[in-house]
1. Give me the percent of accessible area attributable to carbon and sulfur for the chain, probe 1.4 angstrom.
2. Antiparallel versus total DSSP beta bridges in region 114-269: what percent is that, nearest 5?
3. Would you mind working out the accessible area per residue for the chain, using a 1.4 Å probe, and quoting it in Å²?
4. Where Lys and Arg each count +1 and Asp and Glu each count -1, what net charge lies around I163 among other residues with Cβ under 12 Å from its Cβ?
5. Size of the dipole of the chain about the Cα centre, Lys and Arg at +1 and Asp and Glu at -1 on the beta carbon, nothing else charged, in debye to 20?
6. Using a cut-off of 12 Å between beta-carbons, work out the net charge of the residues near V180 (Lys and Arg +1, Asp and Glu -1, V180 not included).
7. Which pairs, out of K140/K208; K97/K218; K53/K96; K96/K140; K142/K218, put more than 31 Å between their alpha-carbon atoms?
8. Rounded to the nearest 500, what is the chain's calculated 222 nm mean residue ellipticity when only DSSP H runs of at least 4 contribute -39500 (n - 2.57) each, over all residues?
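The values are calculated or read from the model by the stated rules, or taken from the named source; none is laboratory data. It should be emphasised that the depicted structure is a prediction, and the values quoted were computed from it without experimental measurement. Because the Cβ atoms are built from the backbone with ideal geometry, glycine has one as well, and the counts that use them run over all protein chains shown. The area values use the complete protein model at the heavy-atom level, side chains included, leaving out ligands, DNA and RNA. Shrake-Rupley method; radii C 1.70, N 1.55, O 1.52, S 1.80 Å.
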Amino acid sequence: MSRSSTSSSRRGFTLVELLIVIAILGVLFALLLPAVQAARESGRRAACLSNQKEVGLAISHHESLFGSYPPGRIGCDDTGDSTAIPGCPRGLPVHKKTAASGFVAILPQLEEQVLYDQLSVESGGLWNRNVDDLDWYYDKDKYSAVKQRVAILICPSDTSQAISDVYHPVLAATGSYAFVQGTLGPGAPAATSKYANDGLFLYVARRKANRVEDGLSKTLMLGEVVLADTWESSNTWSYALAGADCLRSTENLLNTPPGAGVTVNRQNGAFGSQHSDGANFCFADGHAEFIADDVELPVYQSMSTIREGESHAVAAH
């Protein structure tokens, strides 16, 4: 065999052949990418469900220890100054109007005792009368603690910024989950939605498990939120504000965009997620499941109440 024939048999790819190979690889990558992304999102959604189960177990543990669920918000607000509200005597000073969320109350059950001690709600309060009294924030332990994210309270698909400046000058860590207040949201009287809602979590008051007439496995306890670092959907895990931070309702449809639907000050109190076509929720028995966007509103609202067979629209109130 001649040298010329041996040389030609060992030649490399031509430019045209190389371009064809690159094009084929590009097509294959484009075909595989959606499948890879879907697999990743499926894993994130499963991790979110697992997180909610852990939080649900912590809430149930709290209930077994204290005989009741934590309040959605530990303290009163100004509503009690003009309306008779059990547990909220009139004339409370600002530093007694503690707006810490129920997530703070369950930190010991989430194995976050050190963080709970740092926040020390019993000494100086936390989020007093929203942010009107900032003495608590000048405590270095509280200052650093409210900026700590709690990993179990974060959905892996959540795109919110870790720190929110919505309540400037307070800088605080965001969270992905909120307690279920019930069906009464922005369209209901403020005092009713805060202190007399039909779900598990209220301001100040503690619900007992035996008050859940529907059964724990049928009653929503916890759900997801989106855009936690924005005013329209603010969700700082250590703070509680009806229709926003850590307290949401089912008045608006699941995944109603922030700022849309029935609102108060642009906040609609809706649950939602970055998962496609629905959101994860935890029920009062501790199990978590995905609820699709196409759930009928009466069914969705019925799951958010503690009353047996209740299925109605908030507009009826």
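1. 57
2. Bridges in region 114-269 that DSSP calls antiparallel: roughly 60 percent.
3. Normalised by residue count, the accessible surface of the chain is 46 Å².
4. Net local charge, I163 excluded: 0.
5. 820
6. Net of charged neighbours comes to -1.
7. Listed pairs above 31 Å: K140/K208; K97/K218; K53/K96; K142/K218.
8. -9000 deg cm²/dmol
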